Amino acid sequence: MTVATPTDLDLRTALEPLARRLADRISFADDDRASFATDFGRWRFRKPAAVARCRSSAEVAEAIRFCRKRGVPVVARSQGHTQSGQSTTRGLLLDTSAMNRILEINEKELYADVEAGVIWRDLVLATTKKGLLPPVLTNNLGVTVSGTTSMAGLGVASFRHGTQADNAIELEVVTGAGEVVVCSREKESELFDMVRCSLGQIAMITRVRTRLRRVPPMVRMYTLVYDDLGRFMADAELVMDGTTFATMGGICSPAPLGFRKIGDGLELGKGMIGFAQWLYPMFLTVEFAPGAEPDDDQVLAPLSPWRRALVQDVTQLEFARRMEPMFELWKLSGYWEKPHPWMETTLPWETAKEYIETILANLPPGALGAGGHVLLWPARTSTSEVPLFKHPGGKQVLGWGILGAVPPEKLDEMLTQLDMASELSIAYGGKRYLSGYITFDTPERWAAHFGDQWPRLCAAKRRWDPDGLLGSGFIQYS
């Protein structure tokens, strides 16, 4: 199930006849190819032999069948928000950004049908006008519905509504054999299960039908600060077990306290490392209609934060787009263009506190670069049923992520730190989130990650991508 490794010239030569079929939708130009040579992580680079901007599932299928006959690897990509080269290839890159139509917003049955290239921001802008929202939104709305459905898609409402992949109702996909198939829980259910959260390894998603929910127009945002992770987690359990709050998220925030000595001896400017008191802000929301504002003291009464930092009211649209000012600052500061492999993991509730405090004790303030931060997201496991979204199990888990950006000269140091954090999280029973910095390089590592679903995934790969065309070898099967 492996693809031979032809030279770049061989790949380009093999793809040239496709230009006669796709005309202006395929490009061999160096500038076009260079713009897709890396992903959001900006530390792995593979320039595609060509870029195809298909406009329909039929064109996607034609391109995949063409590549299958010639042994050319294929990867689908729109916004490229992966961080380990998952959306790069030396073969044909299928840019889905031109497939960007919102096909239907069904207000009665509460779903939206969208093409592969539709980004969540555009869907949110359309649905909020009708008093509707997708149940789960990631912090970054500039990614595609199809992309996060193929990854999982986690957000501050996941403890209520699972992943974005859980909220997919129906998918149109093109398999590695070049067949267009519509699948759902009721129709071609095995394909439906294996496409969600498999990173485009089994089939390329060309259309998603995703759930919507009716929402009140307003959101009250509460920012609570904890000086103890155990207390944060205890209150998070209360939030998850109750029905008051619509969303919950958190971060680990350092309060720098100076420098401490490390090792023996001390030279000027050496042997010292920054240290901090870590705080744990929790972000909660209550949805409401004007005239039915929540009673702050009543809704917060069960919780025991160190401080109430901020209470404010915003519209549903403003809340959904709350991170966009930060993203603009990142772009202006240069953070967006720096290497930023992110390490995200879901931890067993019982071991999460010890693991996180161990990592934070050795993470100096500023080590993640300007704009870097550390995420916390508590969730109940019962809200997700997607077989390939792997988490540690138990009643609840604690998601945690190091989201940094560093200059290229600091990249190797950062990757070493992320490797250690990743391996330790696995030792503590954690499961990695696969959009980030992933270095699993053997079938055994992948088998350990997918656990009891590994044979099922391998069987799906053989069935629907028999020549191992899709996914550019990211997952190692054999």
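The values are calculated or read from the model by the stated rules, or taken from the named source; none is laboratory data. Fair warning: this is a prediction, and the values are worked out from it, not measured in the lab. Cβ atoms come from the backbone with ideal geometry, glycine included; neighbour counts cover every protein chain shown. Remember, those area values only see protein heavy atoms, side chains included, never the ligands or the DNA or RNA. Shrake-Rupley method; radii C 1.70, N 1.55, O 1.52, S 1.80 Å.
Look at E318 and say whether it is modelled with pLDDT of 95 or more and open to solvent by 80 Å² or more (accessible area, probe 1.4 Å). Yes. Based on this model, can you work out whether C67 counts as in a loop (DSSP other than H, G, I, E, B), over 30 Å from A405 (Cα atoms) and open to solvent by less than 80 Å² (accessible area, probe 1.4 Å)? No; evaluated as a whole, the condition is false for this residue. Figure legend. Inter-residue proximity from segment 462-478: first residues at positive phi, second residues part of a loop (DSSP other than H, G, I, E, B) and not hydroxyl-bearing (S, T, Y), beta-carbon distance below 6 Å, spacing 6+ or different chains. Indicated pairs: G468/M1; G468/V3; G471/G200; G471/Q201; S472/P73.
Here K187 meets the list (1) touching a helix residue (DSSP H, G or I) at 6+ places or on another chain (Cβ under 9 Å); (2) within 29 Å of A76 (Cα to Cα); (3) among the basic types (K, R); (4) open to solvent by 10 Å² or more (accessible area, probe 1.4 Å) almost entirely, failing just condition (1). Filtering segment 393-429 to residues that are surrounded by 21 or more Cβ atoms within 10 Å (Cβ to Cβ), farther than 22 Å from D452 by Cα and not small (G, A, S) leaves W400, I402, V406, M414. Restricting attention to segment 155-180, the residues that are farther than 23 Å from V143 by Cβ, open to solvent by 30 Å² or more (accessible area, probe 1.4 Å) and not in a loop (DSSP other than H, G, I, E, B) total 1. Inclusion of S198 among residues that are small (G, A, S) and open to solvent by less than 20 Å² (accessible area, probe 1.4 Å) is warranted. Residues in segment 90-110 that are under 22 Å from the mean Cα position of the chain (by Cα) and either β-branched (V, I, T) or not in a loop (DSSP other than H, G, I, E, B) (or both): L93, L94, D95, T96, S97, A98, I102. For segment 430-461, enumerate the residues that are surrounded by 14 or more Cβ atoms within 10 Å (Cβ to Cβ), of a type outside the set (A, V, I, L, M) and outside any loop (DSSP other than H, G, I, E, B). Across segment 430-461, the qualifying residues are K431, R432, P443, R445, W446, H449, F450, Q453, W454, R456, C458, K461.
Cβ separations smaller than 6 Å between residues 6+ apart or across chains give the following pairs from segment 168-179 residues that are on the phi < 0 side of the Ramachandran plot and touching a residue at least 60 places away in the same chain (Cβ under 8 Å) to residues that are of a type in the set (K, R) and open to solvent by 20 Å² or more (accessible area, probe 1.4 Å): E172/R207.
When G334, G291 are checked against the criterion of being open to solvent by less than 60 Å² (accessible area, probe 1.4 Å), without any contact (Cβ under 8 Å) to a residue 40 or more places away in the chain, more than 15 Å from I251 (Cα to Cα) and not β-branched (V, I, T), G334 stands alone in meeting it. Just one of the listed residues (N106, N139, N100, N167) is of a type in the set (S, T, N, Q) and within 22 Å of G250 (Cα to Cα), namely N139.
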